[in-house]
Amino acid sequence: MTLVLGIETSCDETAAAVVEDGRLIRSNVVASQVDLHRRYGGVFPEVAARQHILSIVPIVQDALEGAKCSWTDLDAVAVTYGPGLVGSLLVGVNLGKAVAWAHRLPLIGINHLEAHVYANWLAPLPEDASESTSLPPEPRFPFLCLIVSGGHSDLVLVSGHGDYRLLGRTLDDAAGEAFDKVARLLGLGYPGGPAIQEAARSGNPRMFDLPRAWLKGSYDFSFSGLKTAVLLIIQGYEGLGQKPLKQRSRQTGSSAGPQESSLPVADLAASFQAAVVEVLVTKVVQAAQEFRVRHVLLAGGVASNEHLRREMSAQLKIPVSFPPPSLCVDNAAMVASAGYFRFMAGERAGWDLDVAPNLRLAY
Ligand code: KG4
Ligand code: ZN
């Protein structure tokens, strides 16, 4: 049995986890800073880094306790070294180096985007030790992975462990970033993805004919025009006597005050979500046909979007997998899983491992 400790601090989640053989989650501890950043409507980098410093040691201790293991039971330490916020990454990388050095464990540096892909390998350890674990089938190479998070929208062809080819990426806003910005415009609060999904439940996705940036002949994405289209619609309503945006409450259309009831928040949220999902799904379907893959994986925070999951599964004739929502967002179990496969391949980081805020998964 191989146990890897994963450490993740690339953005605003301080996380540590212990994973067995790259797949079984022995513990997975995440301290979210979302309440701390809500007032800024996004992640405030210096605040995030300071909070990581306060949280990281107890979080790692909790992960070891939760896994009922000691330092001597571990085989390796895997830590995210990029991409992400420089101050945040520094906390995890330095902690990872310190504990690996102190406990004479090998250190593995992990690309955060690769870690999101490996969330698809994970399964929880059964609560009752006598129960056998039914692991989900392992993803079959070659597969396509759509990594959609707050910072990235990458469509990647994965031909083997560590073998990535970038087919397309966003030219401007990431999918999650677009969700967050549009939620802010609609007064739905932060983080925007879950808020838009919730508001969209009661909305009509065909109410607004929002633009789709098809960027024909490429697998790249662009979401900034869509965001601007939503802004222009909102401004149109403001011209009709709406309150200025910054005064708008966080309520959705159904419960908004009389002055706000004319802005159909739920319909706008549903139309926006449908536009993002249609572009993502159409491009993945095309790429799956062109590259004849046998499997499609979704990864990253936006992969927990229910409409995206449903549409992707409905439109593709090959299996589609996605992690449970708790493993789509940032966590350290996915870092430990990616670390296991690199560890088994003989990879080791040097003590000079540095942060790489602009690291890419593939070119
Ligand atoms: O992967 P993640 O936790 O952090 C990054 O590495 O960026 O992704 C966070 C992003 C946020 O933009 C958030 O709004 C989005 O994922 N998100 C969603 C949903 N849940 C989280 N977007 C759409 N629908 C959701 N249900
Ligand atoms: Zn992430």
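The values are calculated or read from the model by the stated rules, or taken from the named source; none is laboratory data. In this text the structure is predicted, and so the values were computed from the model without any measurement. No Cβ is skipped: glycine too gets one built from the backbone with ideal geometry, and neighbour counts run over all protein chains shown.
Matching residues to (1) within 16 Å of ligand 2 (Cβ to nearest atom); (2) more than 30 Å from Pro194 (Cα to Cα):
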position	(1), (2)
Glu65	no, yes
His103	no, yes
His116	yes, no
Ala123	no, no
Thr133	no, yes
Pro136	no, no
Asp163	no, yes
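When Pro45 is evaluated against the numbered criteria (1) farther than 16 Å from Met334 by Cα; (2) in contact with a strand residue (DSSP E or B) (Cβ under 9 Å, 6 or more places away or on another chain), which criterion, by number, is the only one it fails?
Going through the list (1) farther than 16 Å from Met334 by Cα; (2) in contact with a strand residue (DSSP E or B) (Cβ under 9 Å, 6 or more places away or on another chain), Pro45 breaks only (2).
Just need a number here: residues in the stretch 78-118 that are part of a helix (DSSP H, G or I) and of a type outside the set (A, V, I, L, M).
Final tally of qualifying residues: 11.
Mind checking which pairs have a first residue in the stretch 26-53 that is part of a loop (DSSP other than H, G, I, E, B) and a second that is modelled with pLDDT of 90 or more and among the polar types (S, T, N, Q), Cβ under 8 Å, 6 or more apart or different chains?
Gln33/Thr14; Gln33/Gln51
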